[in-house]
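See structure below.
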Amino acid sequence: IKFKNLMRGSTIENTYRSGEKFQTAMIEKNGAQFTYADENGNHYFMDMETFEEVAVGPKIMEDVEQWMCEGMEVNLVNFKGNVIEVVVPNTYTFEIVETEPSIKGNTAQGHTKPAVLNCGATITVPGYLETGEMIKVDTGKKEFLSRDNE
């Protein structure tokens, strides 16, 4: 059986006899809204139910920090009263804030280019997209999905 340490993220594998019982870890997921980050790398969220401010340290934010935008709704995973993971939406709409201008004639050949999003992340987008456009992004795969026409 494989076990994952929820606090450190490490995994161990042990063998046990059939019929042995284990205590289940009680984890909770709470909806929260990202409000701001300070100069020390701490990120602050507002709990959507209690409206309390929740601070999350830089170590927990390492994998998702690039996707954080002010006002983004996320899930905070809690274990024993501590936030152990921040789960960003699988797909989210971002604005392209910087990219190369599109070149005429490169729309059909599958031309791609890097683009910086309003959250700070850089992804590869099709060549026909311009600065200022709203796009849907798969945050897990770090891929462009489509234009957001809403």
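The values are calculated or read from the model by the stated rules, or taken from the named source; none is laboratory data. Please read all numbers here as calculations on a predicted model, not as lab measurements. Glycine gets a Cβ as well: all are built from the backbone with ideal geometry, and neighbour counts include every protein chain shown. The area values use the complete protein model at the heavy-atom level, side chains included, leaving out ligands, DNA and RNA. Shrake-Rupley method; radii C 1.70, N 1.55, O 1.52, S 1.80 Å.
Candidates in the stretch 39-76 are the residues that are within 13 Å of the chain's Cα centre (by Cα) and under 17 Å from GLU28 (Cβ atoms); of these, the one that is surrounded by the fewest Cβ atoms within 10 Å (Cβ to Cβ) is GLU73.
Every condition in (1) farther than 24 Å from LYS142 by Cβ; (2) among the polar types (S, T, N, Q); (3) open to solvent by 60 Å² or more (accessible area, probe 1.4 Å) holds for THR112 except the one numbered (1).
Scanning the stretch 88-97 for residues that are open to solvent by 70 Å² or more (accessible area, probe 1.4 Å) and not in a strand (DSSP E or B) returns a single hit, ASN90. Among the residues of the stretch 2-20, the one identified as open to solvent by 100 Å² or more (accessible area, probe 1.4 Å) and of a type in the set (A, V, I, L, M) is MET7.
A quick yes/no check of all residues on (1) at pLDDT 85 or above; (2) open to solvent by 60 Å² or more (accessible area, probe 1.4 Å):
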residue: LYS104; (1), (2): no, yes
residue: THR107; (1), (2): no, yes
residue: VAL125; (1), (2): yes, no
residue: LEU129; (1), (2): yes, no
residue: LEU145; (1), (2): yes, yes
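Just one of the numbered conditions (1) aromatic (Phe, Trp, Tyr); (2) open to solvent by 20 Å² or more (accessible area, probe 1.4 Å); (3) more than 27 Å from GLU28 (Cβ to Cβ) is not true of PHE79: (3).
Among the residues of the stretch 13-41, those identified as modelled with pLDDT under 85 and farther than 26 Å from ASN75 by Cβ are ASN14, THR15, TYR16, ARG17, SER18, GLY19, GLU20, LYS21.
Within the stretch 42-81, can you find the residues that are on the phi > 0 side of the Ramachandran plot, at pLDDT 90 or above and not aromatic (Phe, Trp, Tyr)? Within the stretch 42-81, just GLY71 meets the criteria.
Scanning the stretch 118-134 for residues that are polar (S, T, N, Q) and over 24 Å from GLU39 (Cα atoms) turns up at least one hit. Out of all the residues in the stretch 21-32, is one or more surrounded by 15 or more Cβ atoms within 10 Å (Cβ to Cβ), touching a strand residue (DSSP E or B) at 6+ places or on another chain (Cβ under 8 Å), under 18 Å from ALA121 (Cα atoms) and of a type in the set (A, V, I, L, M)? Among the residues of the stretch 21-32, not one is surrounded by 15 or more Cβ atoms within 10 Å (Cβ to Cβ), touching a strand residue (DSSP E or B) at 6+ places or on another chain (Cβ under 8 Å), under 18 Å from ALA121 (Cα atoms) and of a type in the set (A, V, I, L, M), which makes the answer no.
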